[in-house]
Amino acid sequence: DAKTTQPPSMDCAEGRAANLPCNHSTISGNEYVYWYRQIHSQGPQYIIHGLKNNETNEMASLIITEDRKSSTLILPHATLRDTAVYYCIVSSADSWGKLQFGAGTQVVVTP
Amino acid sequence: DGGITQSPKYLFRKEGQNVTLSCEQNLNHDAMYWYRQDPGQGLRLIYYSQIVNDFQKGDIAEGYSVSREKKESFPLTVTSAQKNPTAFYLCASSNQGLSYEQYFGPGTRLTVT
């Protein structure tokens, strides 16, 4: 079973920030939090990952709570092209990069 | 452009036939992975390989086989022993280290009738 819990779906207005929550209450100290997204019928796309600190790149920001039991992916200005399934995954180097995908969150960005 | 290529995009086979799916990467990544995705579901790991000439079973390896003779190539064979082979197959690669960002190919949609 996946180690994360995400809402099954959420809507977001174009141009607004999208905040995607993820619970990972059983995360271990050496496990990273990864976010991927999958646009319909395409391969997943890596977005961002983090261990303890908040992270930001050109696509998104990742906010990890101090106890590391939950995180939020922020898409600062959602566009229609951000409509996709977003996966939150925890994994460590010990697992040799194996990713365990759950059902993810279907995000629909509306005009 | 660096990336991962999978071919073909769509593949049709008759039941009872083995079929091999191609995956090539020019990212110089050590690790490669094969996943299967069924409609409305997340991805499930079939096989993975950390180095050439070595690979390990994932969560659903039964009915599949792989080889890793070259760093850039990791073909997947769907054998006739796989009970439900119709699915979307995705290949990925990553560098090794403390964290593993995986980069995925466009996928092959296999239909077996």
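Quick note: the coordinates plus some simple rules give every number you see, no bench work behind them. Bear in mind the structure is a predicted one, so any value in this text is a computation, not a measurement. Cβ: placed from backbone, ideal geometry, glycine included. Neighbour counts: every protein chain shown.
Odds and ends about this structure:
- Under Karplus coefficients 6.51, -1.76 and 1.60, residue-wise ³J(HN,Hα) of region A:68-80 in Hz, glycine/proline x: 6, 7, 7, 8, 9, 8, 10, 9, x, 9, 5, 10, 4
- Look at B:V78, B:V19, A:V107 and count the other Cβ atoms within 10 Å of each Cβ; fewest to most, that gives B:V19, A:V107, B:V78.
- For B:L21, the amide hydrogen comes within under 5 Å of the amide hydrogens of B:L76, B:T77, B:V78, counting only partners 5 or more places away or on other chains and with H modelled in the peptide plane.
- Computed on the Cα trace of region A:35-111, the radius of gyration divided by the Kirkwood hydrodynamic radius gives Rg/Rh = 0.96.
- Point-charge dipole on Cβ atoms (K/R +1, D/E -1) for the protein assembly as shown, about Cα centre, debye to 20: 520
- In chain B, Cα pairs under 8 Å separated by at least six residues give a relative contact order of 35 percent.
- Taking 0.36 nm per residue of separation and subtracting the current Cα-Cα distance, fully stretching the chain between B:N26 and B:N84 would add 17.8 nm.
- Stretch in chain A that is longest and holds no GluC sites (Glu not before Pro) that DSSP places in a loop and that have at most 10 other beta carbons within 10 Å: A:1-57
- Cys residues of the protein assembly as shown counted as unpaired, since no other Cys beta-carbon is under 4.7 Å: A:C12
- A:D82, A:D67, B:D59 arranged by Cβ crowding within 10 Å, fewest neighbours leading: A:D67, B:D59, A:D82
- Each of A:L80 and B:K14 was given a label point 7 Å from its Cα along the Cα-to-Cβ line. The distance between the two points is 4.5 nm.
- For B:K83, B:K9, A:K69, order by how many other beta-carbon atoms lie within 10 Å, fewest first: B:K83, B:K9, A:K69
- Per residue convex hull volume, Cα atoms of the protein assembly as shown, in Å³: 122
- Solution diffusion estimate, µm²/s, Stokes-Einstein, chain B, Kirkwood Rh from C-alpha pairs, 10 °C, viscosity 1.306 mPa s: 113
- Selection from B:S80, B:Q37, B:S67 lying farthest towards where the dipole of chain B points positive, charges on Cβ: B:S80
- Cα centre as origin, Lys/Arg/Asp/Glu Cβ charges: chain B dipole, Debye: 380
- Which listed pairs, of A:K98/B:K70; A:K3/B:K71; B:K14/B:K71; A:K69/B:K71; B:K57/B:K83; A:K52/B:K71, have C-alpha distances above 29 Å, in listed order: A:K3/B:K71; B:K14/B:K71; A:K69/B:K71; A:K52/B:K71
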